[in-house]
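What follows is a short report on a single structure.
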Amino acid sequence: MTTDNLQIARPERRPSPGRQAYLRQRREATRAAILQAARGVFAQCNYIDAKIEDIIRAAGVSRATFYAHFESKLELAYAIYDEIVPQTTALFDALPEAGDAGIDAIKAWLRAFADIHVEHRYVTPLIAQLQLFESGFRQRVLNDSEGFIDRLARSGVRGFAETAGTGPEARRQRVHARLVTNRAAAVCAEIARGETSPADTEIVLDLVGRELLEFMAGTR
């Protein structure tokens, strides 16, 4: 056998570190553009009516590029929801300190919760719609809500700590925790949408804040 018949394996050429960084930044920028376009589309129409073609057009990318980042419209919606989870988690982690400081701090905490709804105002209706149409997403939101309660229980807040366990009293307390936190979230969403007047907003914040504070103290 002559050397002419030999196939010499050439080492695979990988992009330089600088090139890799550039490609990574470009991919992240494209993903961000798709997410931004999706926010705009979801803000203008219902999730069920939103079309991938509209998102692609708004993002200025090809269909192949879209599917290189997201497998479906649902995966894209999950990604949008995931953007606010760390912010909401940090807010709930700050609740014990607000509870220790009293009603004014609790009302400030509720205002911060409303600010999240304002900042991500397109997400609230999107979440509501997805829970109607996608059982998997509904379970995800439920799991996240239960996770917030568990985090507060582990932090030692009395009312939430009483949700731990499997007995009837713990179960009753967990249901109560869901009611209190869901009511706080709903009120903050209403405030963010401008559905309450400034005067009524102060009353609502005081009422819901005191309810939350009483629950945290374990007095209800």
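Rule-based calculations on the coordinates, nothing more; no lab input. Values in this document were obtained by computation on a predicted structure and should not be read as measured data. Reconstructed Cβ throughout: ideal geometry from the backbone, glycine too, with neighbour counts over all protein chains shown.
Worth a mention:
- Restricting segment 144-195 to GluC sites (Glu not before Pro) that sit in a DSSP loop and have at most 15 other Cβ atoms within 10 Å of their own Cβ leaves GLU195.
- Lys/Arg +1, Asp/Glu -1 at C-beta; segment 72-217 dipole; positive extreme among VAL141, VAL118, ALA199: VAL141
- Ordering ASP93, ASP82 from the fewest to the most neighbouring beta carbons within 10 Å gives ASP82, ASP93.
- A cut-off under 11 angstrom between Cβ atoms defines the neighbours of ARG57, and their net charge, with Lys, Arg +1 and Asp, Glu -1, is 0.
- Candidates per trypsin sites (Lys or Arg not before Pro) in segment 129-205, loop by DSSP, up to 15 other Cβ within 10 Å: ARG193
- Span-like helix ranges in the chain, DSSP H, alpha carbon extent 30 angstrom or more, Kyte mean at least -0.5: 73-93, 168-192
- Reported value for the chain: 220 Å³ per residue, from the convex hull of its C-alpha atoms.
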